[in-house]
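Notes to accompany the following structure.
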Amino acid sequence: MRCPACKQAELQPSSLDATLLANHCPHCGGNWITLGDYLRWRDLHPQAAGSTATLEPVEADESRKALLCPISGVLMQKYRISHRHNHRIDLSPAVGAFWLDKGEWELLKQEGLSGVISAIFTDPYQRQVREASAHDTFTAHYTEQFGAENYAKLREVRAWLDGQAHRDALLAYLMAKDPYSANR
């Protein structure tokens, strides 16, 4: 089976973390893993689901282009691993296997995600990644627009307003140019 990423080498039987079977590309360093082998590994390592992130930074490659499944020839689907990273795992639903670029296994372990890879392929997980990413984008935008101190104060006022019984009236008062005049 030829490497789906670099197309330069044949994949060689290998293993990650001793008991996780994989097919490794000696040229680009990526790994092809079946979901069955991954789930067997996860069952043998239940502590991996609750593992925590390590402190050492991990360098990982990321194949930006679309990849074809080395078995079926069908286009694989990309799934983002978290909102903090742009790395995506390539899944071939046709054969139930996924591709990890060089260093992505270590990145998944660092982020505490090695035990939940199968969850990454779900709609709820991907929705959560998109929402967290959007939140980060808006936070950065508002921080730049208002300044960090003002944005922190605005969040504080918003939290206070959200807890008030007359929230709408309070907002109307704040929005009025002159709340003491009949001419608004």
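The values are calculated or read from the model by the stated rules, or taken from the named source; none is laboratory data. No experiment lies behind these values; they were computed from the predicted model shown. Note that each Cβ is placed from the backbone with ideal geometry, even for glycine, and that neighbours are counted across all protein chains shown. SASA here: full protein model, heavy atoms, side chains in, ligands and nucleic acids out. Shrake-Rupley method; radii C 1.70, N 1.55, O 1.52, S 1.80 Å.
Against the list (1) open to solvent by 60 Å² or more (accessible area, probe 1.4 Å); (2) in a helix (DSSP H, G or I); (3) not polar (S, T, N, Q), the condition L171 fails is (1).
Considering only residues in region 1-11 that are touching a residue at least 12 places away in the same chain (Cβ under 8 Å) and open to solvent by less than 90 Å² (accessible area, probe 1.4 Å), the one that is farthest from A94 (Cα to Cα) turns out to be A9. For the residues E106, E111, the requirement of being within 24 Å of the chain's Cα centre (by Cα), surrounded by 12 or more Cβ atoms within 10 Å (Cβ to Cβ), touching a residue at least 12 places away in the same chain (Cβ under 8 Å) and more than 19 Å from P46 (Cβ to Cβ) singles out E106.
Within region 140-157, identify whether any single residue is aromatic (F, W, Y) and either open to solvent by less than 70 Å² (accessible area, probe 1.4 Å) or within 30 Å of Q47 (Cβ to Cβ) (or both), and answer yes or no. Looking through region 140-157, at least one residue is aromatic (F, W, Y) and either open to solvent by less than 70 Å² (accessible area, probe 1.4 Å) or within 30 Å of Q47 (Cβ to Cβ) (or both). Would you confirm whether any residue within region 4-19 is at negative phi, among the acidic types (D, E), modelled with pLDDT of 95 or more and over 25 Å from the mean Cα position of the chain (by Cα)? For region 4-19, residues at negative phi, among the acidic types (D, E), modelled with pLDDT of 95 or more and over 25 Å from the mean Cα position of the chain (by Cα): present. Based on what the data block shows, is Q145 under 12 Å from the mean Cα position of the chain (by Cα) and polar (S, T, N, Q)? When the stated conditions are applied, Q145 does not pass them.
Look through region 64-86, keep the residues that are closer than 20 Å to K7 by Cα and not in a loop (DSSP other than H, G, I, E, B), and return whichever of them is nearest to the chain's Cα centre (by Cα). My answer is K78. Taking the criterion of being modelled with pLDDT of 95 or more and either of a type in the set (S, T, N, Q) or crowded, with 18+ Cβ neighbours inside 10 Å (or both), the residues of region 82-100 that qualify are I89, D90, L91, S92, A97, F98, W99, L100. Counting only residues that are open to solvent by less than 30 Å² (accessible area, probe 1.4 Å), hydrophobic (A, V, I, L, M, F, W, C) and under 20 Å from L67 (Cβ atoms), region 19-44 holds 4 of them. For region 99-127, give me each residue that is part of a loop (DSSP other than H, G, I, E, B), of a type in the set (D, E) and touching a strand residue (DSSP E or B) at 6+ places or on another chain (Cβ under 7 Å). Answer for region 99-127, where residues must be part of a loop (DSSP other than H, G, I, E, B), of a type in the set (D, E) and touching a strand residue (DSSP E or B) at 6+ places or on another chain (Cβ under 7 Å): just E111.
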